[in-house]
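These notes concern the structure reproduced below.
The values are calculated or read from the model by the stated rules, or taken from the named source; none is laboratory data. None of the values given here were measured: they were computed from a predicted structure. For neighbour counting, all protein chains shown are included, and Cβ atoms are generated from backbone atoms with ideal geometry for every residue, glycine included.
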Amino acid sequence: MNLFSEFLAAIGGAVSAVAAEQGMAERPDLSRVTAEPPRDPSHGDISTNAAMVLNKAFGKPPRVLAEAIAAKLADHPGVASVEIAGPGFINLRLKPAVWPRVLASVLALGEGYGRSNLGQGRMANVEYVSANPTGPLHVGHVRGAVFGDALAQLLVESGFEVTREYYINDAGAQVDVLARSAYLRYCEALGEEIGEIPAGLYPGAYLKPVGTALAEEYGRRLNQMPEADWLPLVRSRTMDMMMALIREDLAQLNIRQEVFFSEKSLHDSGEVAGAIADLRARGHVYQGKLPPPKGEVPEDWEDREQTLFRATEFGDDIDRPLLKSDGSYTYFASDVAYSRNKISRGYRQLIYVLGADHGGYVKRLEAVAAALAGKGSVDVIVRLCQLVKLYRAGEPVRMSKRAGEFVTLRDVVDEVGPDVVRFMMLFRKNEAPLDFDFAKVTEQSKDNPVFYVQYAHARTCSVMRNAAEEGFAPAAAPDFSLLSDEAELSIARRIAEFPRLIEAAAIAHEPHRVAFYLFELAGEFHALWNKGKDSPQLRFILKEDEKLTTTRLAFLRAIRYVLANGLRILGVRPAEEM
């Protein structure tokens, strides 16, 4: 049950009735009409902007139109009163009988409460992490990993057919650098003195197991080969081990992507050449020179004629090189082939979760999809995740890239646990910088959001256990009209918002909204709990009143379902005791 969808339909019906009375030939466009909770709860339960966005279609001032729509809504069986506020907002106050119906729907749907068919099975590809496979994932990758995984689940809950994908950058020069770095560790494993790792190679100790594996597999045979022969062998083995390490790192965060797509496969299969030929056939490729760039010079810029994609025709800032003057492919050519591959697999929503330093990719990815599939045929959504700064009791955690010293994803998860990492990475909008303090995120206080929400779920479980010991169980047919305290009704209103919240978060691609909602619901539940300490009649277990007790236990079960369902979307385990 989505209460706000129901009333949005009722508002649409009221608008249509007013239009019919005024003799309008066509029903007004309702796409911008909303039904949402008022910002100020004192204004009612549902607010709509219908009169504000439709006044031009009706040719009437917003308040005049609002009065006509309000008169129709006043007859709705669930509406207690209608008020017009400001320039024409319509605020609805609902009858008490609405809230028992909402709570009953939660119990009926259980884990399904909040799910919808918003996506109607539309295929969405969510690509996230996609870190260069040159070492273990570090803390800089954590936020994008958690954000992408939660966003994918949010879309699943909203009726999209979702694929979680990792793009392996295994075709660039950095892979050969990695192989040469691993070869040094191989020599070391054979007992050779390698000295200080030369500049330009990867110095991290994480390559020592790779060197050991190579020594066990090949003995001294690699040492007896020219580089042209050993390089592909070492590269293949090293890539396999690095990707296994990355998969293990992601599993520590309970992230398991269905597809690991190789960039190298695009070249080996001829898809890069095919993508360029496709663009050429559509008239989107030409030979030309790019003007000198302003600011930092990109690595694919050349002061000579190149093969270029007409990206500016599709909203990009500049045209993009596909082939360098020597005939080799640019990195962007792989991007084109990869987009084409996704489109050929049937995806109509391409979502990229990238680091904050990839803001320049937004327009070029949109341009490629528009050129390959036609404008408006494929939605390209790029979400950028800002940096994470690590602290320990307020002091910054120091790292050194030059020495190969960094805080890995596994370091963070091992110290505070996956649930804390996931929730805290989502308890801030992805575009805002995030400070992660190891001390603060493990505090057991209301100032720690993940503890606050987990504790709320654990408290519901605790009451259920205590009730069972006393011989009580949630009522099979609870009389929710018995819940009359304002704190109880406030929670019921909050629960009613959950399905709408999930849809809104999915449309906006903002899983942090779910984390914020859970924190607010937990706050209201803890407030009710504390109120019961001062007012015994509000406690969940009243031995002298079985009907009210079993009803409140059913109410508690509804609260628990919503907390658990929201945490499931975030990939966080609902704690049963703390």
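Observations, loosely collected:
- Within the range 336-378, the residues that satisfy the criterion of being of a type in the set (D, E, K, R) and touching a Leu at 6+ places or on another chain (Cβ under 7 Å) are R340, K342.
- Residue that is nearest to L8 (Cα to Cα) [pool: residues in the range 468-507 that are without any contact (Cβ under 8 Å) to a residue 12 or more places away in the chain and of a type in the set (D, E)]: E486
- When we screen R410, R422 for residues that are in contact with an Asp or Glu (Cβ under 6 Å, 6 or more places away or on another chain) and farther than 21 Å from N125 by Cβ, the only hit is R410.
- Meets criteria (closer than 30 Å to Q252 by Cβ and of a type outside the set (D, E, K, R)) for F540: no
- Here A504 clears all of (1) within 19 Å of A564 (Cβ to Cβ); (2) touching a helix residue (DSSP H, G or I) at 6+ places or on another chain (Cβ under 8 Å) except the condition numbered (1).
- Odd one out for R465, checked against (1) surrounded by fewer than 19 Cβ atoms within 10 Å (Cβ to Cβ); (2) touching a residue at least 24 places away in the same chain (Cβ under 8 Å); (3) under 28 Å from P418 (Cα atoms): (2)
- Under the condition of being part of a helix (DSSP H, G or I) and crowded, with 18+ Cβ neighbours inside 10 Å, the residues counted in the range 1-26 number 10.
- When the residues of the range 27-37 are filtered to those that are charged (D, E, K, R) and part of a loop (DSSP other than H, G, I, E, B), the one that is surrounded by the most Cβ atoms within 10 Å (Cβ to Cβ) is R27.
- Listed by position, the strands (runs of 3 or more DSSP E) contained in the range 38-127 that have at least 1 residues being surrounded by fewer than 19 Cβ atoms within 10 Å (Cβ to Cβ) are 79-85, 89-94, 123-127.
- Per the listing A467, A506, A496, the residue uniquely modelled with pLDDT of 95 or more, over 30 Å from R539 (Cα atoms), among the small types (G, A, S) and not assigned by TED's automatic domain parsing to the domain that holds R39 is A506.
- Some residue of the range 58-69 being touching a Leu at 6+ places or on another chain (Cβ under 6 Å) and modelled with pLDDT under 95: yes
- Selection status of I255, under 30 Å from V421 (Cβ atoms), of a type in the set (V, I, T) and either loosely packed, with under 14 Cβ neighbours inside 10 Å or touching a Gly at 6+ places or on another chain (Cβ under 8 Å) (or both): yes
- Note on the range 279-367: no enclosed strands (runs of 3 or more DSSP E) hold 3 or more residues that are at pLDDT 95 or above, assigned by TED's automatic domain parsing to the domain that holds S265 and hydroxyl-bearing (S, T, Y).
- Every condition in (1) out of contact with any Ser or Thr (no Cβ under 6 Å at 6 or more places or on another chain); (2) at pLDDT 95 or above holds for N132 except the one numbered (2).
- Within the range 177-223, if we keep just the residues that are part of a loop (DSSP other than H, G, I, E, B) and of a type in the set (A, V, I, L, M, F, W, C), the residue that is nearest to T408 (Cα to Cα) turns out to be L201.
- Among the candidates L178, L184, L214, L207, residue that is over 18 Å from D240 (Cβ atoms), buried (at least 16 other Cβ atoms within 10 Å of the Cβ) and in the same structural domain as I246 (by TED's automatic domain parsing): L184
- Some residue of the range 532-547 being β-branched (V, I, T), in the same structural domain as A467 (by TED's automatic domain parsing) and surrounded by 22 or more Cβ atoms within 10 Å (Cβ to Cβ): no
- All positions within the range 232-285 that are farther than 30 Å from H138 by Cα and within 30 Å of the chain's Cα centre (by Cα): E271, V272, A275
- Matching residues, the range 460-490, being polar (S, T, N, Q) and assigned to a loop (DSSP other than H, G, I, E, B): S484
- If you go through the range 476-523 and keep only what is aromatic (F, W, Y) and over 28 Å from the mean Cα position of the chain (by Cα), you end up with just F480.
- Whichever residue in the range 524-578 is among the aromatic types (F, W, Y) and not in a loop (DSSP other than H, G, I, E, B) and, among such residues, is farthest from E111 (Cα to Cα): W529
- Residues within the range 406-447 that are at pLDDT 90 or above, closer than 18 Å to A131 by Cβ and assigned to a loop (DSSP other than H, G, I, E, B), tallied: 1
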